[in-house]
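Worksheet: one structure, shown below.
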Amino acid sequence: MKSIVIYSSQTGNTKKLAEAVYSALSGEKSIYPIGEAPEPSGFDLVCVGFWLMAGKPDPKSQEYLKKITSQKLFLFATHGASATSRHVQNAMEEAIRLAPESDIIGSFSCSGEVNPKVIEKAGSKPEPPAWLDDAPKAVGHPDQADLKNVIRRLEESL
Ligand SMILES: Cc1cc2nc3c(=O)[nH]c(=O)nc-3n(C[C@H](O)[C@H](O)[C@H](O)COP(=O)(O)O)c2cc1C
């Protein structure tokens with residue numbers, strides 16, 4: 001099976017998950033930051049990692065997900081919000097909607113430490129986003145347990 005891992009990551013959280021996913025794949029495999037990613041056609045399995053921005057997959061990931069057609073797709077993500085929140089579920093559902101013809105084999109997400117400048121800026125808005133309340137709990141994530149968990153989820157999905 002020919003597999004590719006594509007990740008979008010500004011501050012490195014999603015990149016950590018991507019590297020864990022990559023390490024767990026066998027067979028022909030490659031990994032790319034989203035800005036250098038080849039087209040998904042020609043791969044059997046595409047693993048796409050995104051970060052949440054304004055409650056959705058970040059814009060670059062949205063564009064890439066739209067290109068995926070019949071490939072197997074494994075989605076993974078990091079976010080400031082709690083992994084069990086409706087906010088995160090909605091974002092994952094949005095990612096699935098963007099690749100309607102893909103064969104989604106599984107998904108995983110976990111908290112990702114939020115840049116303090118982002119916390120400060122978002123927190124100073126007249127109506128700070130609700131996900132910001134969870135940001136203190138995201139400090140230190142993804143951690144080793146998160147990396148083990150994404151690998152476990154991938155292996156269960158294959
Ligand atoms: C501009 C901006 C918007 C964000 N919006 C959200 C959001 O809507 N929900 C959320 O849970 N986290 C949000 N975050 C937090 C990031 O998704 C989170 O810290 C993520 O782990 C960053 O991943 P990265 O290190 O791979 O870039 C936002 C961060 C930034 C910079």
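Things worth noting here:
- Probe 1.4 Å, protein heavy atoms only - accessible area per residue of region 63-158 in square angstrom: 57 Å²
- Protein accessible area in the chain, 1.4 Å probe - carbon and sulfur %: 50 percent
- Cα gyration tensor shape of region 1-80, rounded if a/c is under 1.5, else prolate or oblate by comparing a/b with b/c: oblate
- Counting Cα-Cα pairs of region 16-158 in 10 Å increments starting at 0 gives whole-percent bin shares of 12, 42, 34, 11, 1, 0.
- Using the Cβ-Cβ distance between GLU155 and MET1 with R0 set to 22 Å, the FRET efficiency from 1/(1 + (r/R0)^6) comes to roughly 0.95.
The values are calculated or read from the model by the stated rules, or taken from the named source; none is laboratory data. Please read these numbers as outputs of a predicted model, since none were measured by experiment. Quick reminder, even Gly has a Cβ in these numbers, built from the backbone with ideal geometry, and neighbours come from all protein chains shown. Calculation scope for accessible area: heavy atoms of the full protein, side chains included, ligands and nucleic acids excluded. Shrake-Rupley method; radii C 1.70, N 1.55, O 1.52, S 1.80 Å.
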